[in-house]
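Structure first, then comments.
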Amino acid sequence: MHDSVEKLVTLFENNSIDRRGFIHSLVLLAASPTIGHAQVRQLDANSLNHVTLAVSDPERSREFYASVLNMSVVSRQPASPVTGAGINMGAGDSFLGLYPLQNPGRIDHFCLGVDGYVIEEAAEKLREAGVTPVIRQDRPELYFKDPDGITVQLSAKEYRG
């Protein structure tokens, strides 16, 4: 149990989990019927599913990536309450999202693929690890922030936008 508490303290000190997540994890550890063997169930990210770029003109960016890198469209997304209409360009088993977002010229987020992905189970595992997941209301997509505030999305490995 001592090692588990030490790991939690280190996560808290490194700002990997917030105060609420730290306390929640301590409570779970103390309540575990197998004290000393308690572990937070982990998600196994095993692929980079996609990177989404904030661009000023998705069609112009599509033309650029098609002509320079021979990438083709794998899906198009209609405008939503969160983003404008976007274009997803294939890159092997991954894709590059091109969306008209604020502050063009930056990476908006990246997505990691998880085998056996079930959004509710992933959200619960994140909570158990002291991470606050956000599930979009208009689409079944899960996001969270890393310690530096970078947005991370999780999905099934096969997700194509």
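The values are calculated or read from the model by the stated rules, or taken from the named source; none is laboratory data. Fair warning: this is a prediction, and the values are worked out from it, not measured in the lab. Heads up, the Cβs are rebuilt from the backbone with ideal geometry, glycines too, and the neighbour counts pull from every protein chain shown. These area figures cover heavy atoms from the full protein model, side chains too; ligands, DNA and RNA do not enter into them. Shrake-Rupley method; radii C 1.70, N 1.55, O 1.52, S 1.80 Å.
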Report task. Would you please list the contacts, defined by Cβ atoms under 6 Å and residues six or more apart or on different chains, that run from a residue in the stretch 133-161 that is of a type in the set (Phe, Trp, Tyr) to a residue that is open to solvent by 40 Å² or more (accessible area, probe 1.4 Å)? Result -> TYR143/VAL134
Report task. Take PRO104 and decide whether it is out of contact with any Pro (no Cβ under 9 Å at 6 or more places or on another chain) and open to solvent by less than 30 Å² (accessible area, probe 1.4 Å). Result -> no
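Under the condition of being among the aliphatic types (A, V, I, L, M) and surrounded by 15 or more Cβ atoms within 10 Å (Cβ to Cβ), which residue from the stretch 50-82 is nearest to the chain's Cα centre (by Cα)? It would help to see each step written out before you state the result.
First pass over the stretch 50-82, keeping only residues among the aliphatic types (A, V, I, L, M): 51, 53-55, 66, 68-69, 71, 73-74, 79, 82.
Adding the requirement that they be surrounded by 15 or more Cβ atoms within 10 Å (Cβ to Cβ) leaves 51, 53-55, 71, 73-74.
On the way: VAL51: 10, LEU53: 15, ALA54: 16, VAL55: 20, MET71: 24, VAL73: 22, VAL74: 20 Å.
Here the residue is VAL51.
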Query raised in the report: Which of the residues belonging to the stretch 69-121 are out of contact with any strand residue (DSSP E or B) (no Cβ under 7 Å at 6 or more places or on another chain) and assigned to a strand (DSSP E or B)?
Result: ALA91
Requested in this report: Report yes if some residue within the stretch 114-123 is surrounded by fewer than 18 Cβ atoms within 10 Å (Cβ to Cβ), among the hydrophobic types (A, V, I, L, M, F, W, C) and free of Cβ contacts under 8 Å to residues at least 12 places away in the same chain; otherwise report no.
Outcome: yes
Query raised in the report: Mind checking whether some residue in the stretch 46-57 is part of a helix (DSSP H, G or I), modelled with pLDDT of 75 or more and among the hydrophobic types (A, V, I, L, M, F, W, C)?
Result: no
Query raised in the report: So which residues in the stretch 124-147 are in a loop (DSSP other than H, G, I, E, B) and either at negative phi or open to solvent by 50 Å² or more (accessible area, probe 1.4 Å) (or both)?
Result: ALA129, VAL131, THR132, PRO133, ARG136, GLN137, ASP138, ARG139, PRO140, GLU141, ASP146, PRO147
Requested in this report: Would you be able to say whether some residue in the stretch 148-161 is open to solvent by 40 Å² or more (accessible area, probe 1.4 Å), hydroxyl-bearing (Ser, Thr, Tyr) and either in contact with a helix residue (DSSP H, G or I) (Cβ under 6 Å, 6 or more places away or on another chain) or more than 20 Å from GLN42 (Cα to Cα) (or both)?
Outcome: yes
Requested in this report: Write out, first by first residue and then by second, each pair whose Cβ atoms fall under 8 Å of each other, whose residues are 6+ apart or on separate chains, and whose first residue, in the stretch 72-91, is free of Cβ contacts under 8 Å to residues at least 12 places away in the same chain while the second is assigned to a loop (DSSP other than H, G, I, E, B) and surrounded by 13 or more Cβ atoms within 10 Å (Cβ to Cβ).
Outcome: PRO78/ALA85; ALA79/ALA85
Report summary line: Considering residues that are within 23 Å of the chain's Cα centre (by Cα), modelled with pLDDT of 65 or more and not in a strand (DSSP E or B), the number found within the stretch 25-45 is 4
